[in-house]
1. If I ask for residues that are in contact with a strand residue (DSSP E or B) (Cβ under 6 Å, 6 or more places away or on another chain), exposed (fewer than 13 other Cβ atoms within 10 Å of the Cβ) and hydroxyl-bearing (Ser, Thr, Tyr), which ones from the stretch 143-189 would you list?
2. From the list 163, 135, which residue is at pLDDT below 90, in a loop (DSSP other than H, G, I, E, B) and either closer than 30 Å to residue 69 by Cβ or of a type in the set (A, V, I, L, M, F, W, C) (or both)?
3. In the stretch 102-132, what residues are modelled with pLDDT under 95, of a type in the set (Lys, Arg) and in contact with an Asp or Glu (Cβ under 7 Å, 6 or more places away or on another chain)?
4. Run down 95, 99 and say which single residue is small (Gly, Ala, Ser), in contact with a Ser or Thr (Cβ under 8 Å, 6 or more places away or on another chain) and modelled with pLDDT of 95 or more.
5. Looking at residue 150 and the list (1) touching a residue at least 12 places away in the same chain (Cβ under 8 Å); (2) within 30 Å of residue 103 (Cβ to Cβ), which single condition is not satisfied?
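The values are calculated or read from the model by the stated rules, or taken from the named source; none is laboratory data. Treat the numbers as computed from the prediction; the structure is a model and nothing was measured. Cβ atoms come from the backbone with ideal geometry, glycine included; neighbour counts cover every protein chain shown.
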Amino acid sequence: MAKDILRGKLVSKGPHATKGVGKGGKVIVTNVLFDIDDIIKEVKFWSGRNAYIGFKLNKFEEEIRKDGKYYYSGNITFERNMDFYLRQRFSIDFAIKGAEKVQVEGPNGVIRNLMKGKIIFTLFTNMDLDYDNVFKNSKGIRGFIHHIFFEYIYFKTYESHKFNLGTNTGKIHELLINQIDSFKIYKES
């Protein structure tokens, strides 16, 4: 009878875990003009405006090869505590391959140095349940209470936050594409 009341395989989607949500995704653009610093600043601005905290440029590596081409790789992370129990996290890996520095002219005759090449952004999103480890490794009655809390009290809130994270993932995709498109106003000199 108790099994009929409780859903099957609760642990597979239940508490004590970081849940990867959505497919994340990639933005890949080749042979375009861009400034990676401007793109990173825009992502930082968007994350701050949407109440995400802890924006970090965790890794930024640059390599200039013998042929004069530039290769960059890096990672950006930021997160938001949705409530006392759940945290949303974004991680964006970026890679620039075979880029070269070019001098371009803007619409008002403004001269700028940009990069031209291939740029790849890979998004990873997840939701960290019980991020303060209040219930971590709880067993016995405390584990049972945690389980009941997640499955019957918090589950609809979890689903709502999951939808919100998916929406913000789409907004980040759109932001990255729009940022790359914003450099189309420049023409090579």
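1. 189
2. Working: 163 fails: in a loop (DSSP other than H, G, I, E, B).
When all the criteria are applied, what remains is 135.
3. none
4. 95
5. Tallying (1) touching a residue at least 12 places away in the same chain (Cβ under 8 Å); (2) within 30 Å of residue 103 (Cβ to Cβ), residue 150 fails exactly one: (2).
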